[in-house]
Every structure is written in C-alpha cells, then in structure tokens.
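The structure's right below; bear with me while I get my questions together.
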Amino acid sequence: QVQLVESGGGLVQPGGSLKLSCAASGSIFRYKAMGWYRQAPGKQREFVAAITSGGSTNYADSVEGRFTISRDNAKNTVYLQMNSLKPEDTAVYYCNADHLAVRYWGQGTQVTVSS
C-alpha cells in the first residue's frame, strides 16, 4: 500500500514562494514516476509537474520556469518549489505516485495566492 502525505501549503502574496513536500511510505525508488497535480474550485484536476525514477522532469506550460520538482531519495520525499506565484495558481495541490500500473494520490494541500 502506497501512502503519500503532502505538506507546505498556505497563503502567500502574489510574487511569493512556497515549497510543497510529499512524503511517501517506503522507498520512492519503487515508483516509476511521482508528480503534482492541482485542482482549482470548479475546475478539473490538471497536471503540474512530474519526475521519473531516473530524474527526468516534465512541467505544464503554465508553470514552466517558475516551479521546480525535485526528489530526495534518502528521505523518500518529493518537493515542488513554487516561485513567482500568481493568483491563478490557487488550488488544492495533490501528490501522486505511479507504482505497478496504479496511480496513488495524497490527500492534498491548499495553496492560496492572494493579496
């Protein structure tokens, strides 16, 4: 059973930064890929960023150059560094892990960008 726990969300002003963490149960070497999605009120969940077990990364166009996904294998944790935040980044952010053809999700963490 894969368990993912996100943290680091909160309220930040436009232009500010936040760093989200996703702590996984067990070694993240097992997971083919891990990533972040987000869901704003009234909208569908959308892809934000992903990182493979080999370290390759992929980003949505809307966050390219502002967000950085990384992983610490020793801590079994994936991070999302978010800079130059905009009001449209406001959403619940979900961590996911792909393992044996199954996608697992965390419970989400709220990010609100507002002045």
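Which of GLY9, HIS99, PRO87 sits closest to the plus end of the dipole of the chain, meaning its Cα is farthest towards the positive end, when Lys and Arg get +1 and Asp and Glu get -1 on the C-beta?
Farthest towards the positive end: HIS99.
Given an 8 Å cut-off on Cα distances and at least 6 residues of separation, report the relative contact order of the chain as a percent. Could the numbers behind the result be given before it?
On the way: 281 pairs, mean separation 42.5, N = 115.
Answer for the chain is 37 percent.
For the chain, I need the span (max minus min coordinate) of the C-alpha atoms along each principal axis, in Å, sorted largest to smallest.
Answer, in whole Å and largest first: 41, 26, 23 Å.
Oh, and also: Which lysines have a Cα lying under 21 Å from the Cα of LYS43, excluding residues fewer than 8 positions away in the same chain?
LYS86
Any chance you could look up the accessible area of ARG45 with a 1.4 Å probe, heavy atoms only, rounded to 10 Å²?
My reading of the accessible area for ARG45 is about 90 Å².
Before I look further, what does the chain give for accessible area per residue, probe 1.4 Å, in whole square angstrom?
Numbers: 5980 Å² over 115 residues.
For the chain, the solvent-accessible area averages 52 Å² per residue.
Work out the length of the dipole vector of region 32-95 about its Cα centre, built from +1 on the beta-carbon of each Lys and Arg and -1 on the beta-carbon of each Asp and Glu, and round it to the nearest 20 debye.
Numbers: 8 positive and 6 negative charges, 38 e Å.
The calculated dipole for region 32-95 is roughly 180 debye.
Something else about it: For the chain, what is the charge dipole size about the Cα centre, in debye to the nearest 20, if Lys and Arg each add +1 at the Cβ and Asp and Glu each add -1 at the Cβ? Mind dumping the intermediate values first?
Working: 11 positive and 8 negative charges, 41 e Å.
It works out to roughly 200 debye.
Another question about this same structure. Ignoring ligands, DNA and RNA, what percent of the accessible area of the chain is carbon or sulfur (1.4 Å)? Please list the in-between numbers first.
Details: 2900 of 5980 Å².
Carbon plus sulfur share of accessible area: 48 percent.
Under 21 Å Cα to Cα from LYS75, which lysines show up? Leave out anything in the same chain fewer than 8 places away.
Counting by Cα, and skipping residues close in sequence, LYS75 has these lysines nearby: LYS19, LYS32.
Report the residue, chosen from VAL78, VAL63, VAL48, that carries the largest GNM mean-square fluctuation when the chain is represented by alpha-carbon nodes joined by springs under 10 Å.
Greatest mean-square fluctuation among the candidates belongs to VAL63.
Return the Rg/Rh ratio of region 10-70 with Cα-based radii and a Kirkwood Rh.
Working: Rg = 13.1 Å, Rh = 13.3 Å.
Using Cα coordinates only, the ratio equals 0.99.
Hey, got a sec? Which GluC sites (Glu not before Pro) in region 24-103 land in a DSSP loop and have at most 12 other Cβ atoms within 10 Å? Could the numbers behind the result be given before it?
Working: sites: GLU46, GLU64, GLU88; in loops: GLU64.
Of the GluC sites (Glu not before Pro), the ones in loops of region 24-103 whose Cβ has at most 12 other Cβ atoms within 10 Å are GLU64.
A follow-up question, please. Please check which bits of region 61-103 a label hung off SER115 would reach, taking the label as a point 7 Å along Cα-to-C-beta and the cut-off as backbone N under 13 Å.
Backbone N within reach: 86-87.
The values are calculated or read from the model by the stated rules, or taken from the named source; none is laboratory data. Quantities reported herein were computed from a predicted structural model and do not represent experimental measurements. Neighbour counts run over all protein chains shown; Cβ positions are idealised from the backbone, glycine included. Areas reflect the complete protein model, heavy atoms only, side chains present, ligands, DNA and RNA absent. Shrake-Rupley method; radii C 1.70, N 1.55, O 1.52, S 1.80 Å.
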